[in-house]
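Bear in mind these aren't lab numbers, they're just calculated from the coordinates by the rules spelled out. Computed from a predicted structure; not experimentally measured. Every residue, glycine as well, gets a Cβ built from its backbone with ideal geometry; the counts of neighbours run over all protein chains shown.
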Amino acid sequence: MKRLHLFYALLFTLLFPVISNGQSTGKEKLRVISYNIWNGFEKDASRRTNFINWVKGQQPDILAMTELVGFTEKDLGELASEYGHKYYAIVKEEGYPVGVTSNEPITVVKKQVEGFWHGMLHVKTHGLDIIVTHLSPHDWKFRLKEAGMLTGYIQENHLDNCMIMGDFNAYSPFDADWVETHAQLIENMQKWDADQETYRNTRDGRFDYSVLSEFLSTGLTDICRMYIPADKRTTFPSAFLYGWQHGDTRLHGIGERLDYILVSPSLVFRCIDARIHNGIETEGISDHYPVSVDLQKK
């Protein structure tokens, strides 16, 4: 009888591995999040704390960040440790860096600033090629050049299990029917362009879709548009940017999707969910809302 009990105990352990709190150790999915943290939280301790608490609740395996303003690589490591990530990398330590953290080891493949407005960081972790970038906030032509450099890099290096993410500051053609109804946004952008001597965010006064089209034309897939209705895709601005309350109706006329996670063809079948976290739970952390994609583990 003792042997039988021992057999069943061993079988249970093999089938249902547990950790000390009684929960299963095996995660069926791998979660990736991209988040623009608005000028490195601007040294606001409460924003940083709210960010950490939100990330802990999401339990991402990979977290990409843009606008790591004022962060050194050591600072990023300290932030990552507060939500349980041991591994991290940053593209530079001045200006507007991009960075990535992970709960598995990271191999830095390439850091490039030359030719980019803010830079490009390519790392390997969880068996994936992760590229984080932050495209020009001021000029569609410069963004298109950056997009061409990134797609060329992906193709030349045969990155078949690749995810590229960050703040692209650009519009997707999949959002055109929605964003073209935002008359106040169009007016704001046209006014901004009229005040500039060199840069143009609009193309002949209209929204430009060529940057995202460059990525999509190479086979990269916009996972969020497969799971989220167009009118729910706002990643910028948050109500917090203007000191408004979450859900303020004025946001309907200026909402944009600027933040993306795109995946290579081989990863599409592994994607099981995508979200834009623009609910009240992320209000007050940044002027952007984060994006996440869940993949089935191999």
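Annotations
- Per-residue 3J(HN,Hα) values for the stretch 122-138, derived from phi via the Karplus relation 6.51 cos²θ - 1.76 cosθ + 1.60 with θ = phi - 60°, read 10, 10, 10, 7, 6, x, 10, 8, 10, 10, 10, 8, 9, 6, 3, x, 10 Hz in sequence order (x marks Gly and Pro).
- Look at ASP231, ASP222 and count the other Cβ atoms within 10 Å of each Cβ; fewest to most, that gives ASP231, ASP222.
- Among THR235, THR221, THR198, residue whose mean-square fluctuation peaks in a GNM of the chain (springs only between Cα atoms under 10 Å): THR198
- Placed amide H near HIS134: partners under 5 Å, 5+ positions off or other chain: HIS118, GLY119
- Taking the Cα centre of the chain as origin and assigning +1 to Lys and Arg Cβ atoms and -1 to Asp and Glu Cβ atoms, the resulting dipole is close to 1380 debye.
- Label point 7 Å beyond Cα of TRP192 along Cβ direction - residues of the stretch 81-106 with amide nitrogen under 18 Å: 96
- Comparing mean-square fluctuations of ASN103, ASN157, ASN50 from a GNM of the chain with C-alpha springs under 10 Å, the top value falls on ASN157.
- When the helices of the chain are scored as -39500 (n - 2.57) per DSSP H run of n ≥ 4 and the total is divided over every residue, the value at 222 nm lands at -8500 deg cm²/dmol.
- Cα-based reach from LYS191 at 19 Å (exclusive), listing lysines while leaving out same-chain residues under 8 positions away: LYS141
- Under 5 Å, built H, 5+ apart or other chain: amide partners of HIS85: none
- Stokes-Einstein D (µm²/s) once Rh is taken as the Kirkwood radius of the chain over alpha-carbon pairs, at 25 °C in 0.890 mPa s: 122 µm²/s
- Two-site label geometry, ARG250 and SER81: point separation in nm, points 7 Å out along Cα→Cβ: 4.2 nm
- Between PHE236 and GLU256, LEU258, TYR289, the built amide H atoms are under 5 Å apart, and every one of these is 5 or more places off in sequence or on another chain.
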